[in-house]
Amino acid sequence: MVHAQRACRAFSAEAVPDDVIERVLEAATFAPSAENRQPWAFVVVRDGDRRAAIGEMTRRAWEGGGRRYAEDRLEPGLLAAVDDGAMGGVSAAPVLVVVCGDGRAANPRVLEASVFPAVQNLLLAATALGLGSALTTLPLAFGPELVELLALPEEVRPMAVVPLGWPARKMGPPRRDPVSSKAYREAYGSGW
């Protein structure tokens, strides 16, 4: 599935059954973590009002500087897709999974390194099951609002939002640079 996983920002309205979500979450929990502390927590958001609130945070972050930052960095087609996602596609997904790190379970210095492998497993499992998914951190710009919305304890920090749902249209393969442009032998700059 690693060769098929890509960001989906347009979802059908079809519901995603709980057993499918549970399979995705179970795969996420099989990720490696520092000291096997498994410091992740997943808040599955289906409620329309909560999804809309997270979507509004996403929109505000995008309009408040995210888009300006991305304009010179992304090709026009990708910018348009990200724009559509940030301006409503994320909140249109039938499920939003807010991935959190529990500071009580891991050293704060390795919390991200322990949580993001679980996010990758979640994305890969979603792809394997035919779901569309994406990773966004835009709503984290409004962390205190997100914490309040989800009633997170003080030690539990939101780290990513993953929209999940059935893709609205067939998705093509991801585009990736060749390994030879990213890998080196023995020292940086020595060709693969």
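Only the coordinates and a few stated rules stand behind these numbers; no lab work does. Small disclaimer: the values here were computed from a predicted structure and weren't measured. Here Cβ is always computed from backbone atoms with ideal geometry, including for glycine, and neighbour counts include all displayed protein chains.
Do any trypsin sites (Lys or Arg not before Pro) in segment 79-185 lie in a loop, going by DSSP, with at most 16 other beta-carbon atoms within 10 Å of their beta carbon, and if so which?
Arg104, Arg169, Lys170, Arg175, Arg176, Lys182, Arg185
Would you mind listing how long the chain runs along its three principal axes, going by Cα atoms, in whole Å with the largest first?
51, 41, 35
Considering only DSSP beta bridges where both residues belong to segment 18-181, give the percentage that are antiparallel (nearest 5).
100 percent
Positive end of the dipole of segment 18-181, charges at C-beta (+1 Lys, Arg; -1 Asp, Glu), about the Cα centre: which of Ser180, Leu164, Thr58 has its Cα farthest in that direction?
Going by the charge dipole, the pick is Ser180.
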